Amino acid sequence: MHKDNDWKSRLNIVYSTNPDFAYQSEEEEPVEETLAPEKQALRIELDRRHRNGKSATIITGFVGSDDDLKELAKLLKTRCGVGGSCRDGEILVQGDLRQKVKEILVKEGYTRCRII
């Protein structure tokens, strides 16, 4: 069996003669823990800026991992039947669907969401 090679995790150095030298190694980013749906305080707002007059519903205030954010965005987009995206902790859903998004979120357990 092969042992896990320690040298592969070392960064930016091949060899050092310093006996007190500490190798740099890749550290994984701490994974942000996702809050339970009933503890999430989501804000639903309408945005028309920089969109050539088209409106978009933006959901902000999500606390959790990017994977959970993407999963929630996918759920909202499929239930609303529209496109959108999620980045920087925001979910963007195309169109003015504030009320429908709120209804979907409440059914999913996000009770602390409000329309701004």
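Please treat every number below as a calculation from the coordinates, not as lab data. Please read all numbers here as calculations on a predicted model, not as lab measurements. Neighbour counts run over all protein chains shown; Cβ positions are idealised from the backbone, glycine included.
Data overview
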read-out	value
Simple spin-label estimate for Val82 and Glu33 in nanometres, 7 Å along Cα-Cβ	3.5 nm
Spin-label zone in region 82-101 - amide nitrogen under 17 Å from a point set 7 Å from the Cα of Ile115 along the C-beta vector	93-101
17 Å reach of a label modelled at Lys107, 7 Å along Cα-to-Cβ, counting backbone N of region 42-57	none
